[in-house]
1. Given all pairs of different Cα atoms, what value in angstroms does the Kirkwood hydrodynamic radius of the range B:268-415 take?
2. Taking DSSP loops as anything outside H, G, I, E and B, show the longest stretch in chain B free of GluC sites (Glu not before Pro) there with at most 12 other beta carbons within 10 Å.
3. Which percent of Cα-Cα pairs in the range A:34-102 sits in each 10 Å bin, short to long?
4. Extension gain A:Asp11-A:Met128, at 0.36 nm per residue separation less the Cα-Cα distance, in nm?
5. In nm, to one decimal, how far is the B:Gln343 label point from the A:Leu30 one, both placed 7 Å along Cα→Cβ?
6. Return the Rg/Rh ratio of the range A:117-164 with Cα-based radii and a Kirkwood Rh.
7. Using Cα springs under 10 Å in a Gaussian network model of chain A, which residue among A:Phe61, A:Phe45, A:Phe91 shows the largest mean-square fluctuation?
8. Averaged across the residues of A:91-98, what count of C-beta atoms belonging to other chains lies within 10 Å of each residue's C-beta?
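No lab work stands behind these numbers, since they all come straight from the coordinates. Remember, it's a predicted structure, so these values are computed and weren't measured experimentally. FYI the Cβ positions are ideal-geometry reconstructions off the backbone, even for glycines, and counts take in every protein chain you see.
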Amino acid sequence: MLKGRAFKFGDNIATDHIIPGRFAHLRSNLSELAKHVMEDAAPTFAARVKPGDFVVAGTNFGLGSSREHAPLVIKIAGVSAILAKSVARIFFRNAINLGLPVLLCETDSINDGDELEVDLKASTIWDMTNGNQFTFSKIPEIMLRILDEGGLLPYIQKYGSFKL
Amino acid sequence: MGKTLAEKILSVKSGSEAKSGDIVIAKVDLIFVQDTTGPLSVKQFQAAGFERLANSVKAVLFLDHAAPSPGHELSNDHMLLRDFARETSSFLYDVGEGVCHQIVAESLAKPGDLIVGADSHTVTAGGLGAFACGMGSTDVAVALGLGKTWFRAPESIKVALSGRFPDGVYAKDLVLHLIGRIGVDGATYKALEFSGDAISNISIPERLTVANMAVEAGAKVGLFPADEVTRDYLSTQGRKSHYQPLFPDDDAIYEQTINISLAELQPTVAKPHTVDNIALARELKGTKIHQVFIGTCTNGRLDDLAVAARILKRKKIHPETRLVIAPASRGVLMAAMGAGYIQTLLEAGAIILPPGCGPCLGLHQGVLGAGEACLSTANRNFKGRMGNPEAFIYLGSPATAAATALKGEITDPREVM
Ligand code: SF4
């Protein structure tokens, strides 16, 4: 069971907002880079986020640049899962490859600061603040298996290749 | 049942009948990384325990985003990539050679190829009929080690083009118009496939511009057929043997068809801060622009510099506007010098940067000040993209860019042509 607070974002949050190109020189210094997570979407996010918290977004989260550092800094910040109405495809793969769950669901009823609990196995999200309960849609089997192993590297180390 | 271009290529490369929605494992022909995504790929490749590249793989590394390096951290990343290239005998294009996607199109991509690159604009090579798809560093690292990766065969949206571009209207106006119509997530997970009677009049550089921006509508790939125009382009590049014709089947199934008549298009601009926030250039007359940027994998090719040079010949740019130009590759720069375009642009007041990404991603070379506005020929105008979240980015064609540099405000290029 994952537990934490919701940090609410709007539609079309690009990887450029999550980790701007102007910090490209910090990409081999991840702890420094992570201090700027979400900087151009919510400048105070990095200071306020706590391990276990959730990023909750609207449509098309993570569009734009393929930079995997975007889900990586979100993960380093301790975010336990991303909840969004829809997610851009490169970002989706990247997050799963890093073992960071991306859950596709209706997010309108979740407010900034709500306490959430997520049961990944039961595909269920509870909003403890307003009492709502809802489910998230299934992700493709192959991505689920990668996520189950904790990401693409542990998956490949275990299976040696992709298994359909 | 007939196949789309995406289904055809994925079927061949996976050795199966790939229909949209199927998950397939496919062999990759070409894999590349660039200097801001490559270092993580190298680390993940090593962390996965791979010691060498898969035998079948052609791997290429590009130092283009920070070229030449603006600081010691990025210089160290460049060293890491040079070392990896040496250790794995992969090919490296060092600083000054140009933007990865331009070099892939000039020298490496072939019709029917399956290409993955650790850069979202890998889709550019779709202009040559390659299934070219952007991925993250870890996916690419694993592809380097295994020589293959998994794909979900995409549904395809057919974009049927008719007629010819009117004067002053270009491929960039077409793709901005398309994204304005379908939105920045209008093709998420899908293939955009271009067809119609206009195709035979659309040059490869123009196709590359359109395919490049497929990802701005969320698409996995943007595909053009490989036809006689492709064949002629490859032979002028000295790559005649790389040509094979490639067309979708007549009875292929598309999720939807979008019809666009080129004759009805006008110079189009994307306003801050999303690519689908479009307007006509003439509707934005009076919008003051502090910097114009011509370059990038979208519009930094020879034809683009030719259009700008034609508009700026024997003229001076507006005194309150900077014009920054980064040719997309060394080949483009040399050809533009040979044709006199660089001389013309310098005389008009332009700044010429070395081949590479230049100011496109906000790393160096032309970062905007607070409140400044830029008209750029790039593909993205997200807040902060050019290094300052308090700046404003408009996207347009090289003609619109040159006309805007001349007037100091957004200008329909037909006013000055
Ligand atoms: S020119 Fe811009 S969009 Fe193209 S690869 Fe370079 S940074 Fe990316």
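1. On the way: mean 1/r = 0.0686 Å⁻¹.
Radius from the Kirkwood sum: 14.6 Å.
2. Working: sites that count: B:Glu51, B:Glu320, B:Glu390.
Longest run free of exposed loop sites: B:52-319.
3. Taking every Cα pair in the range A:34-102, the percentages come to 22, 61, 17.
4. Values: separation 117, 0.36 × 117 = 42.12 nm, distance 2.37 nm.
Fully extending the segment from A:Asp11 to A:Met128 adds 39.8 nm.
5. 5.3
6. Values: Rg = 14.4 Å, Rh = 12.4 Å.
Rounded to two decimals, Rg over Rh is 1.16.
7. Result: A:Phe45 has the largest fluctuation of those listed.
8. On the way: counts 2, 3, 7, 5, 1, 3, 8, 4.
Across the residues of A:91-98, the mean count of other-chain Cβ atoms within 10 Å is 4.
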